[in-house]
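Scroll down for the structure; my scribbles are underneath it.
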Amino acid sequence: MKFQSANQFSHSQQDKIGLLLVNLGTPDAPTPKALRSYLREFLSDPRVVEIPRIIWLCILYLIILPLRAPKSAHAYASVWSDQGSPLMVNALAQRDAIHALMSERHGERVITALAMRYNKPSVSSVIQQLQDQGATKLVVLPLYPQYAASTVASVFDAVAADFAKRRWLPDLRFITHYHRDRGYQQAMAKRIRDYWETHGQAHLVLSFHGIPKRSLTLGDPYFCECHATGRLLAEELGLRKDQYTISFQSRFGKAEWLKPYTDETLKKMPSSGIKAVDVFCPGFSADCLETIEEIAIENRDYFLEAGGEQYRYIEALNDMPEHISALANIAEREMAGWLAEEINGKARQRYADEITQELAG
C-alpha cells in the first residue's frame, strides 16, 4: 500500500491544530447529471441505507437514480444562487467566521477548514491540506448537533478511511454531538426571540430531519437527542408544552420513520385550532435544500391548504455570531490540553530567555 504524505512537510515547522468542520455535501450544479453523481455517492453509503447491499444497489441504479435525480435537480434549481447551493454558501461563511475568531484568539496556531462528507471538498483532501499546513493535531467537528449513525458516524468512517492510507496520523479528537451545549441552545433561543420581537409569537414547530424508526430500535440515540434539544430549547424560551411541537421531516421510501411526521403534523394543526405557526429546524446548522425548499415552501403549502392562516419559517443559525462563538467554544474544549501545551511552552521559553539575559548581564 502506498501511504499519503504531507506534500509540503518540514520537520522544523511549528505544530498546528487543524479544526475540520464537516457537513453533508451538495451537488456541483442543479442538473440531473450532477444530482446523479451526488446521490450515487450519498445513497451508496451503508450508513445511510441499511438494507442488504445487493438489493439496495439494484434499487438505487435501476429506480432511484433515474427517477429521483431529475426531481432533485428541479428542487435544487429553485434554491440555487449565483454563489452556488445554499448549504455550500452558508457552510463557507461559517468556516470563514470561525477561522477569523480562532485567528483572533490563537493566531496561526489553529487552522480552520471545511469538508463535505459527500462530493467536494472531500474529507480526505481537506485533511491533506491541513497536514500540508503543519497540522499535527486534528479536531473534527461534524456540524450535526444530534448524533446519528447515518451522519456523524459516517463522517468518522471517512476520517478512518483516510487515516488507513496516511503515513503520519495526526492526534485526533472527534466531536460526536453537541445538542446540550449551552452556547448552541442560547444561540437558537436568541434567533427565535429576535424573530418574535419583530414579527410576534406563534406556535413553535421544531422540525428535525427524520431517520428510519429501525435505527432507533437498533440503539441510535438520535430520537432521544432531538427531544432533549427541543425540551432544553423550550426551557430556554420559557415555553409551555402546549406552545411547541417536535416533528420529523424528509422521510424517504415506504419504511416507517421517526414520528410524528412534519408534513402530516402541519396538515392536522388547523383543524385542532392552531392557525399560525413558526417553524424552526434545530438539527440543521445551516440552511439548505431541506430547510428552504422543503420546510419554507413545500410544507407551507400543506399548512395553508389545510386551513392554516399564518406560516413562517425562522432561518437556521448559519453564521450568526452567537452560533459561531458556540461552535468555536465547543472545538476549543477539545483542544484545551493542546492549547495549554502551547501556553506552557511559551512560558518556558520566556523563562529561559530571562535566565540567559540574567547570566549575560
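Looking only at region 262-283, residues that are touching a residue at least 24 places away in the same chain (Cβ under 8 Å) and in a helix (DSSP H, G or I) come to 8 in all.
For every residue, the table says whether it meets (1) within 15 Å of the chain's Cα centre (by Cα); (2) more than 16 Å from Asn318 (Cα to Cα).
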| residue | (1), (2) |
| --- | --- |
| Ala77 | no, yes |
| Gln83 | no, no |
| Arg95 | yes, no |
| His99 | no, no |
| Gln129 | no, yes |
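Counting only helices (runs of 4 or more DSSP H) that sit wholly inside region 38-114, those with at least 2 residues that are free of Cβ contacts under 8 Å to residues at least 24 places away in the same chain and under 27 Å from Glu322 (Cα atoms) are 86-106.
Just one of the listed residues (Asn318, Asn299) is surrounded by 19 or more Cβ atoms within 10 Å (Cβ to Cβ) and part of a loop (DSSP other than H, G, I, E, B), and it is Asn318.
Going by the conditions given, is Leu206 modelled with pLDDT of 95 or more, assigned to a helix (DSSP H, G or I), of a type in the set (A, V, I, L, M) and not assigned by TED's automatic domain parsing to the domain that holds Thr151?
no
The values are calculated or read from the model by the stated rules, or taken from the named source; none is laboratory data. Predicted, not measured: the structure shown is a model, and the values here were computed from it. Methodologically, a virtual Cβ is constructed for each residue, glycine included, from the backbone with ideal geometry; neighbour enumeration extends over all protein chains shown.
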